[in-house]
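Below you'll find the structure, written out as structure tokens, and then a few comments.
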Amino acid sequence: MGWVAPFWIIGSGALAAGACGSDDSSAGPGPSVDAGSDAAVDATPDVTVPSCGSAGAELPAGATVISWDDDTPDGNLRASSASITVDGTIYPLAETPMHEAVRFDLEHPAKVLGFQVMWDNVPPDAAPEFELSAGLYRDFGYNGFDFWEKEPLWSGSRCAGDLQAGEWTTYALPTPAVIEKPGLVYVAHHTAGKTDPAFTYGTSAAADCDKFETCHSALNIPGAPGYYNGVSFPFQRDFLVRLVVEYTDNVQAKDRLFQEKAAAEGQHVSWGDFNSDGYDDLLVQGKLYRNDKGSFVDVTQSSGIAAAGTTATGGVFGDYDNDGCLDLFLFAEAFSSPDALLRSNCDGTFSDVTATAGITDVQSYENCGDAKNVNAPTAGAAWVDLDSDGFLDLYLANFICWSKETFYSDQVFRNKGDGSFEELSGKNGFSTIRRASRGVAPADADGDGDIDLFINNYRLQANQYYSNGGGLSFSEKASGVGVAGKATPQGISAYYGHTIGAAWGDLNNDGHLDLIAANLAHPRFFHFSNKTQILLNDGKGGFSDKAGSWDTPFEGAGLRYQETHSVPVLADFNNDGDLDLVITAVYDGRPTDFYWGRGDGSFELDTYHTGITTTNGWGAAASDYDNDGDVDVFATKLFENTSAAATKQHFVQVRVIGNVTNNRSGIGARVFVKAGGKTYLRQVQGGSGKGGQDSQTLHFGLGSATQVDEFRVVFPGNKSVTFPGPVAADQRLWLHEDASLKTGFAPPP
């Protein structure tokens, strides 16, 4: 379902409504991690006395006052002749019941001491005890203009007898509101009709609200039917409202866990050591960058991948011919540009073997408005050994024609072991039903030794889960195992979610792979569109959502509700043994969130101290790119992990080598590490849930343990190889299928 957000233009008392388009367009302004930078700051707040109502009138001297615009007062909406049309119904702003709100972006943890309002439209005959009510509210969806009005952080009133025309009225909270996690808060009030008090707005007006930083005020019409919380939209004038705070923490950028490094930027990313020097190289937006011991060199042309002639969106690394060198599959989310298979020449260059391999995404059932549009738009792909024969196969997740709202069929290619592939689409249990697939995430989810497939689908469609029965026999069981998403009946069908990305990992260290499905979910449709799910594996073939019912946006295993969650990445960033979570959010200004894993499937938000500054992020992937023993992350930009906590704890890194009957790059293998009385599980990834790829080097944080007692590798096909300890921590090991073990950051000869 698309999402429509009215935008506003004020001039001569008239307002005109526009609309945003598809889900992949900007849906109005979003938040800024560094919000407040263009706000005026005054260290000495004004004070209004005497006090009346439930709010106080005095604030402590020296508090910080944040205001977006102390402009010249220019009126209020109750005196406006403007109206807005929602689903054919006209709402005159002079008389429609609505909320007026102002967003404030807290740069640091803070105590909110109060706020100040410049009121207008106060009845001239109001009695001195006439109350003017307003409140402080939490954010709802992090879109910059929706707040959670059902449960105010504080609400109170001042009385008309305290007001002086054209001056600020202070609301001092009896007890400060503690905001431990910096982000968005709102000052808002409800105005029921034409004679109700209203916020004053200033003279300046933004041209539009397409960018988050442009508009800070908002309106909400709760009575607009058919929507979860009515209809909200940004307002181009600044309401004259100030927030009064005391910051309680002030971590400098240089002291945060992640530091931005100079490197390529882009929204699709994969890690892979294509030149076998022990350092992960970087594929960003279809361009290849060689990692020269921590610095990156663009080798797109010299490596030969540019000669493939594809407008590649992204790609995934895998040694499909088992010669010990990583090959590369490039995919294009485009209608007139093909996907391409690049075979490594084992000298740092590649050859285009797409035609001889028999891989093609040419189709004849949808031209998306142009006869030249013969290619299926591939949004994600993954290498996976479907039949456990030791040769990597390919799954292609094909997406959407936005202009016609039509979809494409996914494709499956089996590696025949002679350099060529046969297409299995529509065979062996795989469906050719056209769906809005955004990615594929393979994993041995049920622990039976065969690799299963999770397909993340968009446009309120159910996700898919192909259970591998062995011998190229697959069954779609998403609903049965609990990973299809939460169904909301809609006529004869059901709504699910907009799943963009997915990631597998053992979140509670019980030896089973759990799943995070990142969903875009608009506040308008909060009652039926799936929010991000944390799906815990019960070890018996089923999954349950740890995020819970989501009856409110302030529950859910520690995840805060962001409207536009995009791609999750799981890694142990502080070496304590528990998987942590980075999750991007698309649309202008939306921040990337960081969560510390608690080891029980729940998380603790700590975006502030960790300092990943990416906004409007899509793809992300993790790697210890500098080989210093802690995991770094690429999220549109490269961020180096400089955590002191990670260096105080221990780790071990593992590369799996299939050198008997399994695929050489070890993709699909599960590795169990016993250390310090605990067992940890990781898997070698052939692609993540939106066309990205984490490092094939598996990283295990060990906490205080200084040695590993045992390694066990379970290859596709359920072959298990055990490596007994003790083995010293803080090094990289190369675990071979023939039970040989090598050490060192560089590949063994």
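The values are calculated or read from the model by the stated rules, or taken from the named source; none is laboratory data. Here the structure is a predicted model, which is why all the values come from computation and not from measurement. Please note: Cβ atoms are built from the backbone with ideal geometry, for glycine as well, and neighbour counts cover all protein chains shown. Surface areas here come from the heavy atoms of the whole protein model, side chains and all, with no ligands, DNA or RNA. Shrake-Rupley method; radii C 1.70, N 1.55, O 1.52, S 1.80 Å.
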Quiz item: What is region 86-210 by shape, rounded, prolate or oblate, if you read a ≥ b ≥ c off the alpha carbon gyration tensor as root eigenvalues and call it rounded for a/c under 1.5, prolate for a/b larger than b/c, and oblate otherwise?
Solution: oblate
Exercise. Would you please give the residues with an amide H less than 5 Å from that of residue 91, counting only those at least 5 places away or on a separate chain, with H modeled from the backbone geometry?
Key: 84, 85, 86
Practice problem: Would you list, by chain and number, the lysines whose Cα falls below 26 Å from the Cα of residue 486, excluding same-chain residues fewer than 8 positions away? | Solution: 150, 477, 531, 540, 546, 690
Exercise. Treat region 471-619 as a sphere of radius equal to its Kirkwood radius over Cα pairs and apply Stokes-Einstein at 25 °C in a medium of 0.890 mPa s; give the translational diffusion coefficient in µm²/s, rounded to a whole number.
Key: 155 µm²/s
Exercise. Pull out a ≥ b ≥ c, the square roots of the eigenvalues of the alpha-carbon gyration tensor of region 571-730, then state rounded if a/c is under 1.5, prolate if not and a/b is larger than b/c, and oblate in the remaining case.
Key: oblate
Quiz item: For residue 79 and residue 403 in one chain, what is 0.36 nm times their gap in residues minus the Cα-Cα distance, to one decimal in nm?
Solution: 112.6 nm
Quiz item: Quick one: how many Å² of residue 437 are accessible to a 1.4 Å probe, rounded to 10?
Solution: 0 Å²
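Over the chain, what relative contact order in percent results from Cα pairs under 8 Å that are six or more residues apart?
12 percent
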Practice problem: On the protein heavy atoms, probe 1.4 angstrom, tell me the percent of accessible surface of region 593-749 carried by carbon and sulfur. | Solution: 49 percent
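For region 583-711, what is the accessible area per residue in Å² when the probe is 1.4 Å?
On a per-residue basis, 25 Å².
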Practice problem: Classify region 355-495 as rounded, prolate or oblate, taking a ≥ b ≥ c as the square roots of the eigenvalues of its Cα gyration tensor: rounded when a/c is under 1.5, otherwise prolate if a/b is larger than b/c and oblate if not. | Solution: oblate
Self-check item: Heavy-atom SASA rank of 71, 292 (probe 1.4 Å, accessible area, largest first)
Solution: 292, 71
Self-check item: Accessible surface of residue 237 - all protein chains present, 1.4 Å probe, nearest 10 Å²
Solution: 20 Å²
Practice problem: Go through region 499-606 and name the trypsin sites (Lys or Arg not before Pro) that are in a DSSP coil and have 12 or fewer other Cβ atoms within 10 Å of their Cβ. | Solution: 540
Practice problem: Using R₀ = 45 Å, calculate the FRET efficiency as 1/(1 + (r/R₀)^6) where r is the Cβ-Cβ separation of residue 228 and residue 195; round to 0.05. | Solution: 0.95
Self-check item: region 378-446: GluC sites (Glu not before Pro) falling in loop per DSSP and having at most 14 other Cβ within 10 Å
Solution: 405
Quiz item: Hey, how many Å between the Cα centroid of region 225-293 and the Cα centroid of region 685-734?
Solution: 28 Å
Quiz item: Nearest 0.05, what FRET efficiency do residue 647 and residue 247 give at R0 = 25 Å with Cβ-Cβ as r?
Solution: 0.30
Practice problem: Of the options 663, 644, 620, report the single residue whose Cα projects farthest towards the positive end of the charge dipole of region 617-670 (beta-carbon charges: Lys, Arg +1; Asp, Glu -1). | Solution: 663
Quiz item: At 222 nm, what helix-only mean residue ellipticity would the chain give, in deg cm²/dmol to the nearest 500, using -39500 (n - 2.57) for each DSSP H run of four or more?
Solution: -500 deg cm²/dmol
Practice problem: Identify which of the listed values of semi-axes √(5λ) of the Cα gyration tensor in Å was calculated from the structure shown: (1) 50, 28, 22; (2) 52, 32, 27; (3) 51, 42, 21. | Solution: (1)
